[in-house]
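Remarks on the structure that follows.
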Amino acid sequence: MNKSVFFGALAGAALAGGVASAATLDDVKARGKLNCGVTTGVPGFAEPDANGVWQGFDVAVCRAVAAAVLSDPTAVEFVPTTGKTRFTALASGEIDMLARNTTWTFSRDVDLKFEFTGVNYYDGQGFMTPADLGVTSAKDLDGATVCIQTGTTTELNLADFFRSNNISYEPVPIETGAEAVQQYNAGACDVYTTDASALAAQRANFEDPSAHVIMPEIISKEPLGPLVRHGDNEWADIVRWTLNALITAEELGVTSVNLSEMGGGTNNPEINRLLGTEGDLGAMLGLDKEWAKRAIGVAGNYGEIFEKNIGESTPIGLARGLNAQWTDGGLIYSPPFR
Amino acid sequence: MTSIADHTVTRSKSSFKLSMLLNDTRYRSFTFQFIALIAIIAFMAFVGGNLVRNLAEAGLNISFQFLKDPAGYDINQKLIEYNSQMSHGRAALVGLLNTLIVAFLACITATVFGVVAGVLRLSNNWLVSKIMSFYVEIFRNVPVLIWILIIFSVMINALPAPRDFRGDEASASMVLFDTIAITNRGVFVPSPEFTNSLSVAEQDVAEDGSIVPAKGWQDFALIFGVLFLSWIAAKLIGSWATRTQEATGSRPTTWYILLAVWVVPLVAVLAFLGLTWDVPALKGFNFQGGLQLRGSLIALWFALAIYTGAFIAENVRAGILAISKGQTEAAAALGLRPRRIMGLVILPQALRVIIPPLISQYLNITKNSSLAIAVGYMDVTGTLGGITLLQTGRAIETILLLMLFYLTVSLLISALMNVFNNRMKLTER
């Protein structure tokens, strides 16, 4: 008798323990904060500044989404994630989106069930060595000891590169980028390999950046972009089109300076659609008319964000290269706002 | 007699009431044990069912197929043949062997440290006993992860990089007649090679006509086989000597026979195999040849040994103090010297107190070796639970396998040590 009551209670408890709700947008609005997964600290991409405020290229994407959804770019809870914890954090619903130098790959998209909402940085894996070793090409690295951050695609690219060139190497796996740099500087490895952008970022922090050279070879394609969970297409659309709004703003010449002026209406219908003075694209996303205007208002358009955080005027000093607008010969391209 | 027995049974059967399950002390404990068992099973079933259902809802199904897929990553320290085209399962096996290597080395070294420190802590010499107390308190009161990191970063920053050995005015040089190189990437020691190796059918010949040495497990198996036979022979000689002593009263001198039994076959087999040494030399970026003890292995090994050694020292001290002082005094009265008293009287008795907690310390070493990733040592947590998990995203499966692995190894160690314990413990009659 008592037993059946007991099992009944168990069954009830089992039913109550369901999975997280699919409507991320509602969750974010109800919470009043966007939970955004970022790195534990890569200069220029995501790092807290002296006042503890997160700054960087990836951080700007989080802030733009927060501005579009919650009308407040500071309503973001930044969750630092490592290469190991990032996917679990996203899959479990601990974070709403991940903007963390994450390479868009087939298995992550399909097998791990994530939705990449675009590419905000086209990267590739490179090698850095001390200049006094006199190595000029990655193909001369036969027998070298290579420091790698473990758990990233760089590990697999590295194995493929050395195998296909039939040269040997000794991998030294390391948990975080900071430790890898420490070992590299102590001479415990001859080469440090990771995404070329991160190499440049780390080198900028060295005592003598000119004593280190980055090899000309880029051995992989690393399209980095924000991602969300599979299965909530409305939320994926919001993140995707917020990024596209930043890119389109640069293409159309909408900047943080002329934003309020253009927001009053222009002769260009596409700018008007983007900024909400014509049509109502925002309503289709479940947002208001001025969502994109607010997103752009945080830190300007894609080009402005790039220049401010990682551009050639910063210590990171990255050229636009592949990340120029398609009109300038780059790969940055947004579908039209129509 | 039978009728009485039948009568008793019938009466107890007929008088059994359901309420007795609670009220009768004969049945009450069974009732509660049964309820507790049901509750545990139900809870496990609920948790397991919840996991499977939620995984299915999230579109993830438990599957171990990924173990057959190519791993795609390289591992620096490998005891068995491995390259990036081999499977995740093979990579896990390589990591597993690496775990066992470091656990084995650390267990042996920790025991040595522990016994020495435990005995010396009881020394009458004030300075020695205080130094040992200092060692024990310093090492067991700081987390082992910190020790691993400290030792590793000291090695990385204090030792010379291979490039410091280069050139005529090198700032670093090899030690022990230029055979051992101590660098911040690890220690390179000479390794044995054979010009008549059993591992290859025909030895390669270099351009200058000399034979290129080779090595394989067959060579080492032969050497160990010969050593094993020597050991058996030495045992036989020992028992012959004892028999002679018992029969005649005088023990024959055997040390030169024993020496011959150990040395002659070993020298003969090494001469047959053509032993040479592969001495490490700086080539290209790094030292090549010889055996490389990687910095990560040394740091992990040494940290685990010195940390756990402090605990073992306390076990040893407890074991020795458990032996009554009268034993020491009696042995001294017989004219034994302090070292002999310790070796012949105290330690053999103390072992029965020392061994059970020692088992726990060995298990701790094995489990603590999973901190390897902190220094980039590729143990099973680093390969299966690290890179494989991240590349395949199969978190539940890999963690289950890891749990199974550590459980199996720990149970094996326990079983072996229990056998040892049963042999060592006092036979009570």
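The values are calculated or read from the model by the stated rules, or taken from the named source; none is laboratory data. As the structure is a computational prediction, the values presented were derived from the model and not from experiment. Methodologically, a virtual Cβ is constructed for each residue, glycine included, from the backbone with ideal geometry; neighbour enumeration extends over all protein chains shown.
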Verdict on B:SER133 being in contact with a helix residue (DSSP H, G or I) (Cβ under 8 Å, 6 or more places away or on another chain), more than 14 Å from chain A (Cβ to nearest Cβ) and surrounded by fewer than 14 Cβ atoms within 10 Å (Cβ to Cβ): no
Residue within the range A:198-215 that is within 14 Å of chain B (Cβ to nearest Cβ), out of contact with any strand residue (DSSP E or B) (no Cβ under 7 Å at 6 or more places or on another chain) and either assigned to a strand (DSSP E or B) or surrounded by 16 or more Cβ atoms within 10 Å (Cβ to Cβ) (or both) present: no
Boolean, A:THR145 is within 9 Å of chain B (Cβ to nearest Cβ) and either in contact (Cβ under 8 Å) with a residue 40 or more places away in the chain or on the phi > 0 side of the Ramachandran plot (or both): yes
Pair list, Cβ under 8 Å, 6 or more apart: the range A:88-108 residue within 11 Å of chain B (Cβ to nearest Cβ) and in contact (Cβ under 8 Å) with a residue 40 or more places away in the chain, other residue in a loop (DSSP other than H, G, I, E, B) and hydroxyl-bearing (Ser, Thr, Tyr): A:ARG108/A:THR102
Of the criteria (1) under 27 Å from B:VAL409 (Cα atoms); (2) surrounded by fewer than 21 Cβ atoms within 10 Å (Cβ to Cβ); (3) within 14 Å of chain A (Cβ to nearest Cβ), which one B:ASN98 fails: (2)
Members of the range A:308-330 found to be surrounded by fewer than 17 Cβ atoms within 10 Å (Cβ to Cβ) and small (Gly, Ala, Ser), listed by number: A:SER313, A:GLY317, A:ALA319, A:GLY321, A:GLY329, A:GLY330
Test for B:ASN315: is it under 30 Å from B:SER370 (Cα atoms), more than 14 Å from every other protein chain (Cβ to nearest Cβ), in contact with a Gly (Cβ under 9 Å, 6 or more places away or on another chain) and crowded, with 20+ Cβ neighbours inside 10 Å: yes
Number of the exception - A:PRO209 against (1) in contact (Cβ under 8 Å) with a residue 12 or more places away in the chain; (2) not assigned by TED's automatic domain parsing to the domain that holds A:GLY317: (1)
Residue list for the range B:78-94, restricted to those being in a helix (DSSP H, G or I) and among the aliphatic types (A, V, I, L, M): B:ALA91, B:ALA92, B:LEU93, B:VAL94
Test: residue in the range B:321-339 that is closer than 19 Å to B:ASN418 by Cβ and not acidic (Asp, Glu): no
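Results for (1) under 30 Å from A:LEU156 (Cα atoms); (2) in contact with a Phe, Trp or Tyr (Cβ under 7 Å, 6 or more places away or on another chain); (3) in a helix (DSSP H, G or I); (4) of a type in the set (Ser, Thr, Tyr), shown as yes or no for each residue.
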residue	(1), (2), (3), (4)
A:PRO223	yes, yes, no, no
A:GLY231	yes, no, no, no
A:LEU243	yes, no, yes, no
A:VAL257	no, no, no, no
A:MET262	no, no, yes, no
A:ASN272	no, no, yes, no
A:GLU278	no, no, no, no
A:MET284	no, no, yes, no
Single residue of the range A:174-186 satisfying the filter (in a helix (DSSP H, G or I) and among the small types (Gly, Ala, Ser)) that is farthest from B:PRO160 (Cα to Cα): A:GLY177
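Condition check ((1) outside any helix (DSSP H, G or I); (2) within 18 Å of the chain's Cα centre (by Cα); (3) at pLDDT 85 or above) across all residues:
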{"residue": "A:LEU15", "(1), (2), (3)": "no, no, no"}
{"residue": "A:ALA22", "(1), (2), (3)": "yes, no, no"}
{"residue": "A:CYS36", "(1), (2), (3)": "yes, yes, yes"}
{"residue": "A:ASN51", "(1), (2), (3)": "yes, no, yes"}
Test set (1) of a type outside the set (Val, Ile, Thr); (2) in a helix (DSSP H, G or I); (3) touching a helix residue (DSSP H, G or I) at 6+ places or on another chain (Cβ under 9 Å) - A:CYS189 fails condition number: (2)
B:LYS283, sole failed condition from (1) among the charged types (D, E, K, R); (2) within 14 Å of chain A (Cβ to nearest Cβ); (3) in contact with a helix residue (DSSP H, G or I) (Cβ under 8 Å, 6 or more places away or on another chain): (3)
Qualifying residue in the range A:217-235 (condition: buried (at least 20 other Cβ atoms within 10 Å of the Cβ), more than 30 Å from A:THR24 (Cα to Cα), more than 13 Å from every other protein chain (Cβ to nearest Cβ) and touching a helix residue (DSSP H, G or I) at 6+ places or on another chain (Cβ under 8 Å)): yes
Within the range A:109-141, considering residues that are closer than 18 Å to A:CYS36 by Cβ and within 14 Å of chain B (Cβ to nearest Cβ), the one surrounded by the fewest Cβ atoms within 10 Å (Cβ to Cβ): A:GLU115
Boolean, A:ALA198 is farther than 25 Å from B:LEU293 by Cβ, among the hydrophobic types (A, V, I, L, M, F, W, C), in contact (Cβ under 8 Å) with a residue 40 or more places away in the chain and touching a helix residue (DSSP H, G or I) at 6+ places or on another chain (Cβ under 8 Å): yes
Residues located in the range A:120-134, provided they are touching a strand residue (DSSP E or B) at 6+ places or on another chain (Cβ under 8 Å) and either of a type outside the set (Ser, Thr, Tyr) or within 14 Å of A:GLN202 (Cα to Cα) (or both): A:ASN120, A:ASP123, A:GLY124, A:GLN125, A:GLY126, A:PHE127, A:MET128, A:THR129, A:PRO130, A:ALA131
Qualifying residues in the range A:154-179 (those that are crowded, with 20+ Cβ neighbours inside 10 Å and touching a residue at least 40 places away in the same chain (Cβ under 8 Å)) - the one farthest from the other protein chains (Cβ to nearest Cβ): A:GLY177
Leading residue by the ranking (nearest to the other protein chains (Cβ to nearest Cβ)) among those in the range B:39-77 that are of a type in the set (S, T, N, Q) and not in a helix (DSSP H, G or I): B:ASN76
Unmet criterion (only one of (1) facing chain B (nearest Cβ under 9 Å); (2) among the small types (Gly, Ala, Ser); (3) touching a Pro at 6+ places or on another chain (Cβ under 8 Å)) for A:GLY151: (3)
